[in-house]
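The values are calculated or read from the model by the stated rules, or taken from the named source; none is laboratory data. In this text the structure is predicted, and so the values were computed from the model without any measurement. Don't worry about glycine lacking a Cβ; one is built from the backbone with ideal geometry, like all the others, and counts go over all protein chains shown. The accessibility values were calculated without ligands, DNA or RNA, using every heavy atom of the protein model including side chains. Shrake-Rupley method; radii C 1.70, N 1.55, O 1.52, S 1.80 Å.
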Amino acid sequence: MAVDYARTFSDAIDALHEEQRYRVFLDIERVAGKFPRARAHVGGNVRDIVIWCSNDYLGMGQHEDVMAAAQQAIAQHGVGAGGTRNISGTHSSIVALESELADLHHKQAALVFTSGYISNEATISTVGKLIPGCLILSDELNHASMIEGVRRSGCEKAIFRHNDLAHLEELLKNAGPDRAKLIVFESVYSMDGDVSPINAICDLAEKYGAMTYLDEVHAVGMYGPRGAGIAERDGAMSRVDIIEGTLAKAFGCLGGYIAADANIVDAVRSYASGFIFTTTLPPAVAAAAKASVRHLKASPTERSAQQRQATRTKRVLSARGIPVMPSETHIVPVLVGNPEKAKAASDMLLDRFGLYIQPINFPTVPRGTERLRITPTPFHTDQLIEELADALDAAWTELNLPRAYKAAAAE
């Protein structure tokens, strides 16, 4: 009997619908200079919306210096990069960007990848393969890209309970003092908005002879005197062996990177297939990213404004009985606890109020913790926050969603 290929894929899609996990992407037209306002294309119509779930946390994707750098680079160098760096060479914009990133993290060198996913997957897998007998210890809530990097490394792995130092120490102790070990963890966990104890993890790494790999994608640009992340804020940058970040969130551009000692970076550059066989970022993107990084190194204004509006959002929503989950960072997760109702709330906010907040369902978060993930920016005014509160209040009433009246953790 012949294989029914078409049925295979239609059944897979049907399964997602049955589990309420089928994802629909809204067709959004960002408008330069209008962020967070945008236009949505729905059913052949175009309507104005306000985006409340962007990872462009500081609106740097539309900063005039960043756009000017991209435009100038296109005028000087054209659009494309020409190929992989191994074939086409390393263009000067990437060299300048990597120098800027190494300086940001006070490391000897940096290496830019096409995305944060690739930088995690390629680096973790390569480092694991290069270290004989390496045991990788991974936080249970690490991003999918880190999990894939661990898997592709072929190393033995040990999963420690989220931010559980006692469990991590138990696993390190059981591994023995002579075994090579790599601890991989994040600084800001983006679904709950909580922070890892970086210095305490580094204490354990030093005690038991382990390397450390820190994902700072939701923190670079956002924390620390120069926007280098939570490790900078907590005085731990020099203690972390490899820092990974992204250019696609707070920096408002595209790409991922690592920063570390020169030999580590050179080894990853030389062995990581995810770097070797991928076309590099074009000059315009690299130039824009460099301008964004340089600006945020010197300017705390965007960070301060963003933290102020995030704190205000938590306070206003909590006062209306909207169940804001505890978060010590800029991320404002609102608990729904049901996939169908999370989708219904998201649809209602868009259809009735013109507010775009994508629902977050399993497997991104555990079943029963489905939520709306809100990310206020410096450009979400007090008036927009009040309008958001009114809309959520209406949705919670109409959909009969559970409420909680409590102060947010950040307060």
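Give the angle, between 0 and 90 degrees and rounded to the nearest 10, that separates the Cα long axis of helix 283-298 from the longest principal axis of the Cα atoms of the chain. Around 80 degrees separate the two axes. In the chain, what percent of the accessible surface is made up of carbon and sulfur (1.4 Å probe, ligands and nucleic acids excluded)? Ligands and nucleic acids excluded, carbon and sulfur give 53 percent.
When only the Cβ of Lys, Arg, Asp and Glu is charged (+1, +1, -1, -1), the dipole of the range 106-225 relative to its Cα centre reaches about 460 debye. Classify the chain: rounded, prolate or oblate, from the alpha-carbon gyration tensor (a ≥ b ≥ c, eigenvalue square roots; a/c under 1.5 rounded; otherwise prolate if a/b is larger than b/c)? Verdict is rounded for the chain. Rounded, prolate or oblate, given the Cα gyration tensor of the range 198-309, with a/c below 1.5 counting as rounded? Oblate shape, in that a/c is at least 1.5 and b/c is the bigger or equal ratio. Computed with a 1.4 Å probe over protein heavy atoms only, the accessible surface of the chain comes to 44 Å² per residue. For GLU387, GLU98, the ranking by accessible surface with the largest value first comes to GLU387, GLU98, using a 1.4 Å probe.
Sequence neighbours fewer than 8 away in the same chain don't count; with that in mind, list the lysines whose C-alpha is under 18 Å from LYS181. Within the straight-line cut-off, LYS181 pairs with LYS129, LYS157, LYS173, LYS207.
Using a/c under 1.5 as the rounded threshold, could you call the range 3-157 rounded, prolate or oblate? The axes a ≥ b ≥ c are square roots of the C-alpha gyration tensor eigenvalues, and prolate needs a/b larger than b/c, oblate otherwise. Oblate is the answer for the range 3-157, as a/c is 1.5 or above yet b/c matches or exceeds a/b. Straight-line cross-link reach from LYS314 at under 15 Å between alpha-carbon atoms covers these aspartates and glutamates, not counting any fewer than eight positions away in the same chain: ASP192, ASP194, GLU328, ASP382, GLU386, GLU387, ASP390, ASP393, GLU411. Each Lys and Arg Cβ is given +1 and each Asp and Glu Cβ -1; about its Cα centre, the chain then shows a dipole of about 360 debye. For the chain, adding -39500 (n - 2.57) for each run of n ≥ 4 DSSP H residues and dividing by the number of residues yields -13500 deg cm²/dmol at 222 nm.
Of interest is the spacing of the C-alpha centroids, which for the range 362-381 and the range 107-137 amounts to 28 Å. When PHE185, PHE362, PHE277 are compared by accessible surface with a 1.4 Å probe, the order from highest to lowest is PHE277, PHE362, PHE185.
A simple spin-label model places pseudo-atoms 7 Å from Cα toward Cβ; at ASN263 and VAL95 they are separated by 2.5 nm. Computed from Cα atoms, the angle from the helix 64-77 axis to the main principal axis of the chain rounds to 60 degrees.
Of all lysines in the structure, those lying under 17 Å Cα to Cα from LYS297, and not within fewer than 8 positions of it along the same chain, are LYS107, LYS249. Measuring between their Cα centroids, the range 303-321 and the range 16-37 lie 23 Å from each other. Contact order for the chain, expressed relative to its length and based on alpha carbon pairs under 8 Å spaced 6+ residues apart, stands at 20 percent. Helix 92-104 and the longest principal axis of the Cα set of the chain meet at an angle near 90°.
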